[in-house]
Amino acid sequence: MAAGFRVTAILAVLLLAAACAPRQRQAASLPEPTQPPASSQWIGRDIIQAACLNDLAATGAKFELIAQAEAGKDGCTLQNGVRLIATSVDLVRPAEMTCPMALRLMQFEKEVLVPEAQRVFGQPLKQINHAGAFTCKRMTGNSSRISEHGHGRAIDIWGFVLADGRRVSVADHFRSQGREGQYLRGVNREACKFFSVVLGPNADAAHAKSFHWDIGPWNRCGS
């Protein structure tokens with residue numbers, strides 16, 4: 001009888017100790033990823049490149065992926081390149097550039113080019129006339145360095161077209177006292193806030209007829 005009581009008492013103590021012992025906390029489950037793997041949406045692009053492409057697509061830009069270009073014999077490259085077909089306005093023709101350059105151009109268009117056209121002319125901007133983006137060439141005035149065009153990080157702009165068909169040309173109107181000149185000088189000054197290097201007729205003779213905007217590693221505002 002005493003032995004049975006002792007066994008019962010021991011079991012009671014063990015059960016009480018187990019109940020009071022700290023319980024091991026289960027590891028919190030990680031949230032399910034909301035973004036698909038980069039390779040499933042943008043074939044051949046890594047996660048960082050895919051993030052830029054997602055942002056560019058969100059702007060409403062029309063574009064196509066183009067092949068990655070490794071450094072060639074002339075030193076030109078094109079990483080995470082796109083063929084930009086249309087922005088919020090028309091392009092005179094598609095332009096090849098890096099995704100970051102395309103994204104910066106879209107931002108500048110939305111915040112400066114389009115609203116300034118409406119403010120200055122009282123009508124929408126219809127088209128951007130450019131002289132090219134990715135081109136394998138040396139820097140103007142310094143042939144020892146690859147131009148930012150050779151890396152797809154630059155674009156040359158020679159004018160715009162308004163909704164009523166009026167053409168605004170850097171070559172013809174940059175120094176005019178009319179609204180065309182006001183628009184061109186204004187947007188090129190504002191470009192210094194968005195691009196690393198901004199060149200135009202005030203910079204040098206090589207840019208007397210067009211604007212050069214790039215997102216390279218150097219800084220110069222020669223608007």
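When the alpha carbon gyration tensor of segment 160-208 is reduced to an equivalent ellipsoid, the three semi-axes, largest first, read 19, 13, 9 Å. Applied to segment 102-107, the Karplus parametrisation 6.51 cos²θ - 1.76 cosθ + 1.60 on θ = phi - 60° returns per-residue 3J(HN,Hα) values of 4, 5, 5, 4, 5, 4 Hz, with x for Gly and Pro.
The alpha carbon radius of gyration of segment 107-217, expressed as a multiple of 2.2 N^0.38 Å, is 1.06.
Cβ-Cβ distance of residue 85 and residue 58, R₀ of 22 Å, FRET efficiency by 1/(1 + (r/R0)^6): the value works out to about 0.85. At a Cα cut-off below 16 Å, give the aspartates and glutamates reachable from residue 137, other chains included and same-chain residues fewer than 8 away excluded. Output for residue 137: 70, 74, 96, 148, 156, 214.
Can you tell me how segment 43-161 classifies by the Cα gyration tensor, rounded, prolate or oblate, using a/c under 1.5 as the rounded cut? Verdict is oblate for segment 43-161.
Could you calculate the contour length gain from residue 123 to residue 166, that is, 0.36 nm times the residue separation minus the distance between their Cα atoms, to one decimal place in nm?
Value of the extension gain: 14.4 nm.
Here residue 139 sits with roughly 50 square angstrom of accessible surface, probe radius 1.4 Å.
Looking at segment 83-223, the accessible area is 45 square angstrom per residue; that uses a 1.4 Å probe and ignores ligands, DNA and RNA. Positive contributions from Lys and Arg (+1) and negative ones from Asp and Glu (-1), summed over other residues with Cβ under 15 Å from the Cβ of residue 119, come out at -1.
The values are calculated or read from the model by the stated rules, or taken from the named source; none is laboratory data. Just so it is clear, the structure is predicted and the values come from calculations on it, not from any experiment. Cβ atoms come from the backbone with ideal geometry, glycine included; neighbour counts cover every protein chain shown. We work out accessible area using only protein heavy atoms, side chains counted, and drop any ligands, DNA or RNA first. Shrake-Rupley method; radii C 1.70, N 1.55, O 1.52, S 1.80 Å.
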